[in-house]
Amino acid sequence: MKSILLLVHDDSGQEGRLQVALDLARGLRGHLTCLDVSIAPEVMDDYVSLGGAALLMEDERAAEARNRKRIEPRLAHEDVPWDWIDVAGNLGDQVVRAARLSDLIVVSAKLPSFATHDMANLPGELLIRTNRPILAVPESAIGLNLTGTAVVAWDGSPEAEAALRAAVPLLQLATSVTLLEIDDGSVALPASDAATYLSRHGVKPVISTLSAGGNSASTVILKEIGNQAADYLVMGGFGHARLTEALFGGVTRRLLEDCPVPILLAH
């Protein structure tokens, strides 16, 4: 996990993304690639069709040029190697293109104060399209304590397996790792097998098996994050069909909305 792709954009989640990405690059001795996307306007109305799109895009490019002038001097004083890429267009397409040789993509979990619908749905889109692990960062994040406490939400699904494998470089740095297994009859592979796998990588997790008690899995996970004072969560993303998730919600969607710590997701 040496090549870290960070979405740079002048929005309310940028500072949290930046601080988390810097902590990752330092802790993993990795390289940070800052992808600054000038996002093309999405709304097709009379204003856009009459040439307003070009004006909006010009404003967006100017804003991101100013953003680069603010961020680059800060990066120059950080002890991480980095480079910068400026692109313009559809947000998802640009991140997917840049992620081809990346090990991890850092984006925001949600950006409710940002008007672009494309940004709000980005973690799920990238999980499906890139086959790369995603670190979804809450807007309130001030960094990532890699030597702290990690919670791994485990249900034995292929998505959970992918997330566990992807997270090994991080879990090797953690002081405490909890494998959270929710006893609701849905566990496909016991947490003890996951613990054995981690032990072969030098990680000694604690297994916590909890009853759902009539609560949703997302509610149990959020409660355990609070009880453990966890620094980040590892879980498989969108285990059910995306259409089902969109219609009925789901664990991934709920956690992207409400989780107070960064989430490492894989699909």
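The values are calculated or read from the model by the stated rules, or taken from the named source; none is laboratory data. These numbers were taken from a predicted model, which means no experiment stands behind them. Heads up, the Cβs are rebuilt from the backbone with ideal geometry, glycines too, and the neighbour counts pull from every protein chain shown. Just so you know, the surface numbers come from the protein's heavy atoms only, side chains and all, with ligands and any DNA or RNA stripped out. Shrake-Rupley method; radii C 1.70, N 1.55, O 1.52, S 1.80 Å.
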* The lone exception for residue 143 - which of (1) closer than 22 Å to residue 262 by Cβ; (2) open to solvent by less than 10 Å² (accessible area, probe 1.4 Å) it fails -> (2)
* Here are some conditions: (1) buried (at least 20 other Cβ atoms within 10 Å of the Cβ); (2) at pLDDT 95 or above. Residue 229 meets all but one. Which one does it not meet? -> (1)
* How many residues, within the stretch 155-192, are free of Cβ contacts under 8 Å to residues at least 60 places away in the same chain and either assigned to a strand (DSSP E or B) or open to solvent by 40 Å² or more (accessible area, probe 1.4 Å) (or both)? -> 18
* **Odd one out for residue 129 among (1) open to solvent by 70 Å² or more (accessible area, probe 1.4 Å); (2) at pLDDT 95 or above** => (2)
* Asked: Could you say whether any residue in the stretch 41-58 is in a loop (DSSP other than H, G, I, E, B) and modelled with pLDDT of 95 or more?
  -> no
* Name every residue in the stretch 66-104 that is under 26 Å from residue 121 (Cβ atoms), open to solvent by 50 Å² or more (accessible area, probe 1.4 Å) and not in a loop (DSSP other than H, G, I, E, B), in order of residue number. => 68, 85, 86, 93, 97, 100, 101
* To do: Return yes when residue 202 is in a loop (DSSP other than H, G, I, E, B) and modelled with pLDDT under 90 and no when it is not.
  => no
* To do: Identify the single condition in (1) under 12 Å from residue 232 (Cα atoms); (2) touching a strand residue (DSSP E or B) at 6+ places or on another chain (Cβ under 9 Å) that residue 160 does not satisfy, given that it satisfies every other one.
  => (1)
* Contacts under 8 angstrom Cβ, first residue in the stretch 32-50 being farther than 30 Å from residue 103 by Cβ, partner at pLDDT 90 or above and not hydrophobic (A, V, I, L, M, F, W, C), 6 or more apart -> 41/60
